[in-house]
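What follows draws every value from the coordinates through simple rules; no lab data is involved. These numbers come from a predicted model, not from an experiment. Every residue, glycine among them, receives a Cβ derived from its backbone with ideal geometry; neighbour counts consider all protein chains shown.
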Amino acid sequence: MGAPELLHHLRGAGLVLTLTPAGALHVAPRSALTDDHRAAIRAERDALMLALQAEADPPPPAPPGRSGNPLMTPEQGDECHAGGWDDAEIDAYLAREARFTRLGRVADAEHLAERLTLRDRQHDDRRLCLECVALADNGRCLVAARGRLPGASRRLEPVSTILQRCEGFTLAPGLT
Ligand code: SF4
């Protein structure tokens, strides 16, 4: 069974597999893990992590779609803007764009903020480190720096633009 099939199988068994900011594989809930699951995960750990990474990465740069956002396909752009944005979506977009710009993402703050509108519409619960209060201006994670992010170096500089789930995440003030 290849990694994609194994991933599908494990998800079908109720398991949630994610990559931690430190690059480790996290599987939950432990109560649903059988010995067979553990053995399969152990044997395919690297391939599973590559498969998860491929899912987490934004789509490769493509010709600008109808939204003009290189982080989304034309179809995603259409979904992101279907029916127009309501006031809450506009407010969320503006707050995110302002924060990302302040954190140095001047070139892609708008694109990232727009991509998050689609994320919200898809009820995707993953977050960017850019949305986390623990991301310092120098790119370091303050939770990791305090030694409170299991498995992570205290000098962790997380990739801030990948959607992920992190147990240390706390929404930055002013964001939704
Ligand atoms: S605690 Fe926040 S900044 Fe640190 S890795 Fe997790 S989500 Fe990113």
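Observations on the structure shown:
- If you take all other residues with their beta carbon under 11 Å from the beta carbon of VAL143, and give Lys and Arg +1 and Asp and Glu -1, the sum is +3.
- Three-way shape label, the chain, alpha-carbon gyration tensor, a/c 1.5: oblate
- Where Rh is the Kirkwood radius over Cα pairs, Rg/Rh for the range 3-56: 0.92
- Counting neighbouring Cβ atoms within 10 Å and putting the fewest first, the residues VAL27, VAL143 line up as VAL27, VAL143.
- The dipole here belongs to the chain: it is taken about the Cα centre, uses +1 on the Cβ of Lys and Arg and -1 on the Cβ of Asp and Glu, and is about 940 debye.
- In Hz, Karplus ³J(HN,Hα) per residue of the range 125-132 (6.51, -1.76, 1.60; θ = phi - 60°; x = Gly, Pro): 8, 7, 10, 9, 4, 4, 8, 9
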